[in-house]
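The structure appears below as structure tokens.
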Amino acid sequence: MPIISSGVETEMAVRYQIGMTAGGSPVFRQKSFSGLKMDVSDEDLYEAATTLFALLEYPLIFVTRNNRFDLTEE
């Protein structure tokens, strides 16, 4: 039975550092932005994240792209 994969949405997750603990360890947070179009390029997604975090006081640690697909039988 062939399966059809249909792209539904892309989610961008960013991890950033909000400070340091009293012991000197970094404190991280993560934020997700869902409902993005599947056809957004990796470059545009990364540029959006870096542009957004350039406006904030927190350094951006990494950007992750998560794609969601619906699977159905043909």
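We did not get these values from a lab; they are worked out from the coordinates using the rules stated. What you see is a predicted model, and the numbers here were worked out from it, not measured in a lab. As a convention, Cβ positions derive from the backbone with ideal geometry for all residues, glycine included, and neighbour counts pool all protein chains shown.
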Which whole-number percent gives the relative contact order of the chain, counting Cα pairs below 8 Å spaced six or more residues apart? 52
Grab the beta carbon distance between Ala54 and Ser32, set R0 = 22 Å, and tell me the FRET efficiency rounded to 0.05. 0.70
Viscosity 1.567 mPa s, temperature 4 °C: what is the translational diffusion coefficient of the chain from Stokes-Einstein with a Kirkwood Rh over Cα pairs, rounded to a whole number of µm²/s? 91
How far is helix 42-54 tilted off the main Cα axis of the chain, in degrees rounded to 10, range 0 to 90? 30
Report the extension gain between Asp44 and Asp70 in nm, rounded to one decimal, defined as 0.36 nm multiplied by the number of residues separating them, less their alpha carbon distance. 7.0 nm
